[in-house]
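Encoded as structure tokens, the structure appears first; notes follow it.
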Amino acid sequence: MAPVLVWLILFLCLLISIVKYTFALILKWSFPGVTVKKDYSYQPMVSVLMPCFNEGKTVYETIESISKSNYPPEKFEVIAQDDCSVDDSFECMLKAQHDFSNIRVTVGRNTVNSGKARSVCNALKLSTAELVISIDSDCIFHPDAIRELAACFSEPKIGSVGGRVGVRNPNESTITAIQTFIYYAAFQVYKVPENWTRSVGCISGCLFAIRRELLLEIEPKIRSRHWFGIPVNQGEDRFLTHQTLLRGYGTYINNDALCWTTVPSTLPNLFKQQLRWRRSIVRDLFYTLRTLPQHVWTLHPNTVLTLVLTPLGALLGLLVVITMMTGNPMAMAGPAPLLLYLGVAAVLGLVIRKYSAKEAVNNPLAFGAYLAWSVVSSLFITTLALCTLDSKDWGTRMKEQEAADDDASGEETAS
Amino acid sequence: MTTPAEKKPPAEAKAPVIQPMLYKSVVTVYRIFAIVTLYAVLGGVLAYGFVMGFYAVNTTWAAPVILSPADDKSLDFTEKLVTSRQTLEEVSVDKKKLDEGIEEMQRHRAALMALEPELQAAIIREKKHNQATGPQLMELDKQKQADNLKTQAVMAQLKEVEARIDKDLASGLITKGDAATQRAALNQAENSYTDSKIGEILLTDSVLEKTTTDTKTLNVLDKQAELISEIAQLDIAISVAQKQIHEDTQQIDRLKQAIATAKQTPYYLSVSGDTTVYFAFVPYDNQKAVFAGAAVYDCYLNMVICKKVGTVKQIFPGEEHATHPIFRTDIRGFLIQMQLDRPESAKSKTVFLDRKPLIF
């Protein structure tokens, strides 16, 4: 009975996904109302907050790319906050501050390692701008990114806007090729129905714009966020998005605001990143379920559906894989799933090559390996995420330094 | 520049003293649970991998099969067996009838065959007789014709004699009695002549019969032809019947062989026997471990702590298809009959033949 129930739920999830994707494509091609009306004349003061931990020289490149933004230099600043990196990240920040004098760069440093979320909050204290853009310190930004994000805030009910995250290293390995497909499909297709109702469930922390007053309102919640007394340092992007929605604001992804990130190229790094994300998803599900009545009365049904079904799909994947492995272990070994994945890869490969040549994958068939990864992901990452909700590390960025003590206050310095 | 240390949120500062203790307890319990779960998952994954690897390389496993008289294959088998037996009975009855028919036809044929030479002899005898008497009769016929011609001339004179009698009577030369006597003599002479003419014609007919092929002869020949034809028809009928018997005999042999083969299948044993019979499916990859008398081992957790629970009693030759108990793929193999000391082993997912799968 249990396997039948699992398969039934999986079938329903697949059906909903297919309907959602199909609906997304119809919306994308047929309804201009899906996209927000952008006003490029709206150019508020912008603070670009860049928390950083052990990013090394990449942080310099990140600041360099921001310095080339097509946005009035006097109307934006960069606040780089180092979270006690053990490498030369802080020195690179200072060098960037010195080299890119065309923009205002403020460099701050936490006295103890505090995690990304608190680093953003610490950086926020140094900002006075109307609009805050939180970015990842390993990304390269398109010159129009700030302009595109700011233009979306002309719509008063928009609270947070995200950009599209592209992959810088699509052909570094099979793993990066797979992620290129996933990233592209997620932004170009999956988020479209959420964009339509201005209720994107998770805006990527790589490029996250939010109204300052809203962030200030949410900040205490970010700082006090904990799991049975253990500070939660991860998944601030999902948390911020969720809080924006709960406060009655809209969330939106502007695919014209581009940034490029270097995705993990090795399995251990990918595993750590996905584990961090999965923890965030699981936490968010628990939070949603705990306050479900509030969600149902406050949010758009599509938003509630997204907030519940997305993490539920991850948990369900675990049950499906267990059922499959115990019931019919060779089911994944047949040609049908592989052919399906290769078919999707072929289509996506062509689309990416046509519309985003920079991300073109040389060997789209590498996406077939996603079949194996999806089993590993469903089986191990979800389980591990459920069993490590007390974790507070930076995921892929942990090096020699262990996370600081749980009770660290997150003191900071700035220059 | 150094900024002052952050203050803890007011909510946290005001939290009751008991809350941290509660949190700590929850986290401790969670961590214990998480560690146990993760080790269980790790153990499960390792065990799963080991089981997969084990069954990928092991060549001694067999999957016990419980054949129920009500399952599809058994029902199908029973139906076919009943049909074969019914057909066998029908063909046997037909053959018996044909045997009896042939016997009857052969008796009839023998009788006809015995009649045929007698008829032939009679025809020859008659023919010879005719050949001998025909010319004689012809001569006599000629003689008779000559005699009749002479008599005819005499008969012409009788008119005058009759006229004379009338004249003599009228003249009173003779009495009426004399005249009547004389007339009676004349009539008798005329009658004799007529008889003689008839005799001549009959004689001519007899000559014709003796010297030519008449309808009577033809009838006899027709009878002879009918007799020969009837014998030929009987020969054909006997031949056809013999062929049918031959075919029926072959069909009976085939049916008997099929039934005998069917009796050697596990399905027959499962539907016909009063005692419970234990079977197991053996994939072709594992057939080297199978021989009559080979030990059967049943194990805990499918592969460890094994003990001997019986022996292989019989190997069935027919090919069977089954689903791999672990990989769930379709596999080909055959069935064996097991003599089990421990009947519960028939319900195990797998048993092992000839030797223990591991060292214990």
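Here is a yes/no grid of residues against (1) more than 14 Å from chain B (Cβ to nearest Cβ); (2) within 26 Å of residue A:341 (Cα to Cα):
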site: A:178; (1), (2): yes, yes
site: A:184; (1), (2): yes, yes
site: A:187; (1), (2): yes, yes
site: A:192; (1), (2): yes, yes
site: A:206; (1), (2): yes, no
site: A:211; (1), (2): yes, no
site: A:231; (1), (2): no, no
site: A:235; (1), (2): yes, no
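Of the numbered criteria (1) touching a strand residue (DSSP E or B) at 6+ places or on another chain (Cβ under 9 Å); (2) among the polar types (S, T, N, Q); (3) crowded, with 21+ Cβ neighbours inside 10 Å, the one residue A:188 fails is (3).
Of all positions in the range A:313-320, at least one carries a residue that is within 14 Å of chain B (Cβ to nearest Cβ) and more than 30 Å from residue A:247 (Cα to Cα).
Hey, could you check the range A:104-132 for residues that are closer than 23 Å to residue A:163 by Cα and out of contact with any strand residue (DSSP E or B) (no Cβ under 6 Å at 6 or more places or on another chain) and say which is surrounded by the most Cβ atoms within 10 Å (Cβ to Cβ)? Among those that are closer than 23 Å to residue A:163 by Cα and out of contact with any strand residue (DSSP E or B) (no Cβ under 6 Å at 6 or more places or on another chain), it is A:118.
Among the residues in the range B:63-73, are any surrounded by 11 or more Cβ atoms within 10 Å (Cβ to Cβ), closer than 30 Å to residue B:331 by Cα, more than 13 Å from chain A (Cβ to nearest Cβ) and modelled with pLDDT of 90 or more? So that I can check it myself, show each step before the final result.
Within the range B:63-73, the subset surrounded by 11 or more Cβ atoms within 10 Å (Cβ to Cβ) is B:63-69, B:71, B:73.
Next cut, closer than 30 Å to residue B:331 by Cα only: B:63-69, B:71, B:73.
In the following step, the residues that additionally are more than 13 Å from chain A (Cβ to nearest Cβ) were identified as B:63-69, B:71, B:73.
Imposing the further condition that a residue be modelled with pLDDT of 90 or more reduces the set to B:63-64.
Looking through the range B:63-73, at least one residue is surrounded by 11 or more Cβ atoms within 10 Å (Cβ to Cβ), closer than 30 Å to residue B:331 by Cα, more than 13 Å from chain A (Cβ to nearest Cβ) and modelled with pLDDT of 90 or more.
Every condition in (1) modelled with pLDDT of 90 or more; (2) over 30 Å from residue A:266 (Cβ atoms) holds for residue A:101 except the one numbered (1).
Table: residues versus (1) under 25 Å from the mean Cα position of the chain (by Cα); (2) modelled with pLDDT under 75.
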{"site": "A:8", "(1), (2)": "no, yes"}
{"site": "A:13", "(1), (2)": "yes, yes"}
{"site": "A:25", "(1), (2)": "yes, no"}
{"site": "A:30", "(1), (2)": "no, no"}
{"site": "A:37", "(1), (2)": "yes, no"}
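Residue A:352 - would you say it is buried (at least 20 other Cβ atoms within 10 Å of the Cβ), more than 14 Å from every other protein chain (Cβ to nearest Cβ), under 21 Å from the mean Cα position of the chain (by Cα) and in contact (Cβ under 8 Å) with a residue 24 or more places away in the chain?
Details: buried (at least 20 other Cβ atoms within 10 Å of the Cβ): yes; more than 14 Å from every other protein chain (Cβ to nearest Cβ): yes; under 21 Å from the mean Cα position of the chain (by Cα): yes; in contact (Cβ under 8 Å) with a residue 24 or more places away in the chain: yes.
Yes: the conditions hold for residue A:352.
Please verify whether residue A:253 is in contact with a Phe, Trp or Tyr (Cβ under 8 Å, 6 or more places away or on another chain), at pLDDT 85 or above and either outside any helix (DSSP H, G or I) or not assigned by TED's automatic domain parsing to the domain that holds residue A:390 (or both), treating the condition exactly as stated. Yes, satisfied. If you go through the range A:29-47 and pick out every residue that is within 22 Å of residue A:191 (Cα to Cα) and either among the aromatic types (Phe, Trp, Tyr) or assigned to a strand (DSSP E or B) (or both), you end up with 2. Looking at residue B:169, is it in contact (Cβ under 8 Å) with a residue 60 or more places away in the chain, part of a helix (DSSP H, G or I) and more than 30 Å from residue B:237 (Cα to Cα)? Judged against the criteria, residue B:169 is not a match. In the set A:193, A:220, only one residue is more than 18 Å from residue A:308 (Cα to Cα) and either in a helix (DSSP H, G or I) or under 12 Å from the mean Cα position of the chain (by Cα) (or both); that residue is A:220.
Only one entry of B:218, B:203, B:208, B:227 meets the criterion of being loosely packed, with under 13 Cβ neighbours inside 10 Å and assigned to a helix (DSSP H, G or I), and that entry is B:218. A Cβ distance below 6 Å, combined with a sequence gap of six or more or placement on separate chains, defines the contacts here; from the range A:250-271, residues that are among the hydrophobic types (A, V, I, L, M, F, W, C) reach residues that are assigned to a loop (DSSP other than H, G, I, E, B) in the pairs A:253/A:191; A:253/A:200; A:258/A:142; A:259/A:206; A:260/A:168; A:270/A:264. Residue count for the range B:245-291 under the criterion of being more than 22 Å from residue B:310 (Cα to Cα), among the polar types (S, T, N, Q) and crowded, with 16+ Cβ neighbours inside 10 Å: the result is 1. Condition first: within 17 Å of the chain's Cα centre (by Cα), part of a helix (DSSP H, G or I) and surrounded by 24 or more Cβ atoms within 10 Å (Cβ to Cβ). Now tell me which residues in the range A:147-177 satisfy that. Of everything in the range A:147-177, just one residue is within 17 Å of the chain's Cα centre (by Cα), part of a helix (DSSP H, G or I) and surrounded by 24 or more Cβ atoms within 10 Å (Cβ to Cβ), namely A:149.
For the range B:134-157, the criterion of being outside any helix (DSSP H, G or I) and either surrounded by 16 or more Cβ atoms within 10 Å (Cβ to Cβ) or not aromatic (Phe, Trp, Tyr) (or both) is met by no residue. If I ask for residues that are within 14 Å of another protein chain (Cβ to nearest Cβ) and under 12 Å from residue B:282 (Cβ atoms), which ones from the range B:326-341 would you list? Scanning the range B:326-341 gives a single hit, B:331. Take residue B:242 and decide whether it is of a type outside the set (Gly, Ala, Ser) and either under 28 Å from residue B:106 (Cα atoms) or crowded, with 16+ Cβ neighbours inside 10 Å (or both). The answer is yes for residue B:242.
Total residues in the range A:48-78 satisfying the condition of being touching a Ser or Thr at 6+ places or on another chain (Cβ under 8 Å), part of a loop (DSSP other than H, G, I, E, B) and buried (at least 18 other Cβ atoms within 10 Å of the Cβ): the figure is 3.
Residue-level analysis places residue B:197 among those that are out of contact with any Asp or Glu (no Cβ under 6 Å at 6 or more places or on another chain), assigned to a helix (DSSP H, G or I) and surrounded by 13 or more Cβ atoms within 10 Å (Cβ to Cβ).
Every residue, every condition in (1) under 22 Å from the mean Cα position of the chain (by Cα); (2) loosely packed, with under 13 Cβ neighbours inside 10 Å; (3) more than 14 Å from chain B (Cβ to nearest Cβ); (4) under 15 Å from residue A:178 (Cβ atoms), yes or no:
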{"position": "A:336", "(1), (2), (3), (4)": "no, yes, yes, no"}
{"position": "A:361", "(1), (2), (3), (4)": "yes, no, yes, yes"}
{"position": "A:365", "(1), (2), (3), (4)": "no, no, yes, yes"}
{"position": "A:371", "(1), (2), (3), (4)": "no, no, yes, yes"}
{"position": "A:380", "(1), (2), (3), (4)": "yes, no, no, no"}
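Of the residues making up the range B:307-321, those that are crowded, with 16+ Cβ neighbours inside 10 Å and modelled with pLDDT under 90 number 2. Quick check on residue B:162: is it in the same structural domain as residue B:217 (by TED's automatic domain parsing), farther than 16 Å from residue B:196 by Cβ, surrounded by 11 or more Cβ atoms within 10 Å (Cβ to Cβ) and touching a Leu at 6+ places or on another chain (Cβ under 6 Å)? For residue B:162, the condition - in the same structural domain as residue B:217 (by TED's automatic domain parsing), farther than 16 Å from residue B:196 by Cβ, surrounded by 11 or more Cβ atoms within 10 Å (Cβ to Cβ) and touching a Leu at 6+ places or on another chain (Cβ under 6 Å) - is met.
Kindly indicate the residue of the range B:251-279 that is of a type in the set (Val, Ile, Thr) and within 26 Å of residue B:94 (Cβ to Cβ) and also nearest to the chain's Cα centre (by Cα) among those meeting that condition. Give the derivation first.
The initial filter retains those residues of the range B:251-279 that are of a type in the set (Val, Ile, Thr), namely B:252, B:259, B:261, B:265, B:271, B:275-277.
Going one step further and asking which of them are within 26 Å of residue B:94 (Cβ to Cβ), we end up with B:252, B:259, B:261.
Values: B:252: 7, B:259: 14, B:261: 18 Å.
Result: B:252.
Of all residues in the range A:98-143 being of a type in the set (Gly, Ala, Ser) and either in contact with a Lys or Arg (Cβ under 6 Å, 6 or more places away or on another chain) or assigned to a loop (DSSP other than H, G, I, E, B) (or both), which is nearest to the other protein chains (Cβ to nearest Cβ)? Steps first, please.
Let us first name the residues in the range A:98-143 that are of a type in the set (Gly, Ala, Ser), namely A:101, A:108, A:114-115, A:117, A:119, A:123, A:127, A:129, A:134, A:137.
Remaining after also requiring either in contact with a Lys or Arg (Cβ under 6 Å, 6 or more places away or on another chain) or assigned to a loop (DSSP other than H, G, I, E, B) (or both): A:101, A:114-115, A:127, A:129, A:137.
Numbers: A:101: 19, A:114: 9, A:115: 13, A:127: 13, A:129: 18, A:137: 20 Å.
Checked the range A:98-143; the qualifying residue nearest to the other protein chains (Cβ to nearest Cβ) is A:114.
Would you confirm, using the coordinates I've provided, whether residue A:210 is β-branched (Val, Ile, Thr), within 22 Å of residue A:192 (Cα to Cα) and outside any helix (DSSP H, G or I)? For residue A:210, the condition - β-branched (Val, Ile, Thr), within 22 Å of residue A:192 (Cα to Cα) and outside any helix (DSSP H, G or I) - is met.
The values are calculated or read from the model by the stated rules, or taken from the named source; none is laboratory data. Bear in mind the structure is a predicted one, so any value in this text is a computation, not a measurement. Cβ coordinates were reconstructed from backbone atoms using ideal geometry, including for glycine residues, and neighbour counts include every protein chain displayed.
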